[in-house]
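Read through the structure below, which is laid out as structure tokens, and then see the notes.
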Amino acid sequence: MDKLLFGISGLPVGSGSKKINYASGINYIKSIGLDAMELLFVRSVNVTDKNKSIILKTKLDNDFYLSAHGSHYINLNADEFEKQEQSMERITNAMEGLSKVKGRSLIFHPGFYLKDSNEEAYHTIKENLLKLPYKDIDYRLETTGKRTQFGTLEELVSLCKEVSSCKLCIDFSHIHARQNGCLKGYDDFAKILQYVTDELGRSALDDMHIHMGGIDYNDKGEKSHLPLLESDFNYLDCLKAIKDFNVKGCIIAEGPLVEKDALLLKNAFEKL
């Protein structure tokens with residue numbers, strides 16, 4: 001990509017006076033100066049044969065970036081092989097839904113360690129990722145916020161090197177929460193971006209998918225999303241590092257005030 005886009009996760013809050021769907025949400029988000037939306041397939045794939053045409057038309061009319069977040073019920077390291085297959089089916093169904101509206105990236109959490117070692121979980125998840133069909137939709141592996149979840153930065157970068165269909169989704173807030181508030185200042189964010197550059201090359205920074213938002217956490221990791229200004233997440237230093245590394249791609253704001261926080265991030269970035 002040739003620039004950095006800003007957008008939201010799910011539907012916008014809006015004024016509250018009108019019901020918003022994906023098509024009207026895209027029009028509204030574009031009208032306030034944002035360029036991207038991450039469709040939420042976390043409970044079901046809600047792009048259907050009934051609404052796909054209007055979503056696609058609105059996307060194309062607005063020159064809009066669409067991604068999607070996959071099911072919360074994915075565990076490619078489940079104890080039962082049947083549940084691993086069900087997880088792969090959920091990923092495939094989400095990919096098919098996103099392809100109907102010419103989306104770009106499918107984001108998901110790969111799984112949980114359960115009783116396995118990190119190495120055992122890594123091997124099982126890698127083998128299942130290699131089985132997934134690929135149809136020009138990037139599988140974006142998201143860094144996770146709880147220590148029970150597979151998905152450290154190092155694990156996912158390694159998978160991206162070994163599985164050609166996979167790319168990285170850096171959720172800075174999850175990294176911050178997973179390590180009980182570890183991202184304090186500029187150098188902490190720069191270290192992450194330098195690591196990605198060293199391991200995956202400049203091309204990874206030229207096509208990055210990033211999640212950012214306020215987050216509540218404890219010593220076990222993520223608890224819940226918060227508005228940016230109600231959290232200790234240092235979004236200004238994060239944006240400074242992103243600018244200094246000339247990152248391109250998309251930043252998706254998460255949390256209860258999605259478009260407000262997305263505009264906060266965009267406006268702060270443009271002032272740097």
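We did not get these values from a lab; they are worked out from the coordinates using the rules stated. Worth saying up front: this structure is predicted, and the values here are computed from it rather than measured. No Cβ is skipped: glycine too gets one built from the backbone with ideal geometry, and neighbour counts run over all protein chains shown.
Each 10 Å bin from zero holds the following percent of Cα-Cα pairs in the chain: 7, 31, 38, 22, 3, 0. Among the listed pairs Lys135/Lys240; Lys57/Lys191; Lys30/Lys135; Lys220/Lys271; Lys146/Lys271, those whose Cα-Cα separation exceeds 31 Å are Lys135/Lys240; Lys57/Lys191; Lys220/Lys271; Lys146/Lys271. Direction-averaged projected area, Cα convex hull, segment 127-272: 8.7 nm², rounded to one decimal. Here is the list for segment 97-158: chymotrypsin sites (Phe, Trp or Tyr not before Pro) lying in DSSP coil, each with at most 13 other C-beta atoms within 10 angstrom of its C-beta, are Tyr134. Of the trypsin sites (Lys or Arg not before Pro) found in segment 39-137, those in coil by DSSP whose Cβ has at most 15 other Cβ atoms within 10 Å are Arg43, Lys50, Lys102, Lys115, Lys135. Computed about the Cα centre, the dipole magnitude for the chain is approximately 1000 debye when only Lys and Arg (+1) and Asp and Glu (-1) carry charge, each at its Cβ.
Taking every DSSP bridge with both residues inside segment 171-272, close to 45 percent are antiparallel. Per-residue ellipticity at 222 nm from helix content only, as computed over the chain with -39500 (n - 2.57) for each DSSP H run of at least four residues, stands at -12500 deg cm²/dmol.
Write down the percent of antiparallel bridges among all DSSP beta bridges whose residues are both part of the chain, to the nearest 5. Given both bridge residues lie in the chain, the antiparallel proportion sits at roughly 20 percent.
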